[in-house]
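S.K.: This structure is in structure tokens; I'll ask about it shortly.
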Amino acid sequence: MCLTGALPVHLKSSPPLDPQTEKQSAELWREGVRIVSRMKNSQSTITPQLKRLKQQLSDFEKDEVREELKWEISTALVAGGIPSEMICTMKMVFANLIIEGIEWVHTEPGDSIILYLKCGSVEILLNLRKMILSGSLLRLLSDVIKQFIRSQPRFQLVVKEDDYNLTFFYLSTVAGNSSKLLYYQRHTIKMEMQVKQNTH
């Protein structure tokens, strides 16, 4: 598994999830990631949608593609044995990431649930940043976890400054951006992103 260029995003809860729940959640997400990853081949049922996303689409057309992706992803998650109560919210997460060109490549438990999200360009990374800062990604992720826990913790997404800047540096280097532009961009985005959500 290649995690080069993947941004670690930490999903934390307060109070912390118990280790068993955290492990179970990470395993379910990992299985979901495997199922959706297998859908991205030339014989996949989502191939037409992936091809459409390479074109310039209007917001309405993107919504059409999103709905088609949700249907296909839902079908695959059911076939893959993902619990039925998690399908509705999980398909939303994957469909929205795919629409933005973001690839979820791995998940692991730690002092939080760590998601590794891979972006193909600086532009896509900046789109991910918007999803994090707007709280939209946090809402989608926490909605899934709430399906199988009884407590109502507060969730928080944390992206560490060094991780973000390293990912930005990697993508900028691959794209061949000038070092001057790179330094300017890294300086202007230097921050630790923390987004909280009260799930009550």
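S.K.: Go through the stretch 81-98 residue by residue and tally those that are modelled with pLDDT of 90 or more, surrounded by fewer than 18 Cβ atoms within 10 Å (Cβ to Cβ) and closer than 24 Å to R52 by Cβ.
M.R.: 1
S.K.: Just one of (1) under 23 Å from E31 (Cβ atoms); (2) out of contact with any Gly (no Cβ under 8 Å at 6 or more places or on another chain); (3) not in a helix (DSSP H, G or I) trips up I82, so point out which.
M.R.: Checking I82 against (1) under 23 Å from E31 (Cβ atoms); (2) out of contact with any Gly (no Cβ under 8 Å at 6 or more places or on another chain); (3) not in a helix (DSSP H, G or I), the one that fails is (2).
S.K.: Here is a check on your reading of the model: is S179 modelled with pLDDT of 55 or more and either over 20 Å from K91 (Cα atoms) or not aromatic (F, W, Y) (or both)?
M.R.: Working: modelled with pLDDT of 55 or more: no; either over 20 Å from K91 (Cα atoms) or not aromatic (F, W, Y) (or both): yes.
So S179 does not fit the description; no.
S.K.: In this structure, is E27 out of contact with any Pro (no Cβ under 6 Å at 6 or more places or on another chain) and either at positive phi or surrounded by 14 or more Cβ atoms within 10 Å (Cβ to Cβ) (or both)? Let's see the steps before the verdict.
M.R.: Values: out of contact with any Pro (no Cβ under 6 Å at 6 or more places or on another chain): yes; either at positive phi or surrounded by 14 or more Cβ atoms within 10 Å (Cβ to Cβ) (or both): no.
Answer is no for this residue.
S.K.: Further question: The conditions are (1) at pLDDT 90 or above; (2) over 17 Å from V33 (Cα atoms); (3) in contact with a His (Cβ under 6 Å, 6 or more places away or on another chain), and L128 fails exactly one of them. Which is it?
M.R.: Against the list (1) at pLDDT 90 or above; (2) over 17 Å from V33 (Cα atoms); (3) in contact with a His (Cβ under 6 Å, 6 or more places away or on another chain), L128 comes up short only on (3).
S.K.: Right, another one. Given the residues L128, L137, L117, which is the only one that is crowded, with 19+ Cβ neighbours inside 10 Å and not in a helix (DSSP H, G or I)? Working first, answer last.
M.R.: On the way: L128 fails: not in a helix (DSSP H, G or I); L137 fails: not in a helix (DSSP H, G or I).
Being crowded, with 19+ Cβ neighbours inside 10 Å and not in a helix (DSSP H, G or I) holds for just one of L128, L137, L117, which is L117.
S.K.: Among (1) of a type in the set (K, R); (2) closer than 18 Å to I73 by Cα; (3) surrounded by fewer than 17 Cβ atoms within 10 Å (Cβ to Cβ), which single condition is R154 missing?
M.R.: Going through the list (1) of a type in the set (K, R); (2) closer than 18 Å to I73 by Cα; (3) surrounded by fewer than 17 Cβ atoms within 10 Å (Cβ to Cβ), R154 breaks only (2).
The values are calculated or read from the model by the stated rules, or taken from the named source; none is laboratory data. Bear in mind that the values here come from a model prediction, so they are computed numbers and not experimental data. Neighbour counts run over all protein chains shown; Cβ positions are idealised from the backbone, glycine included.
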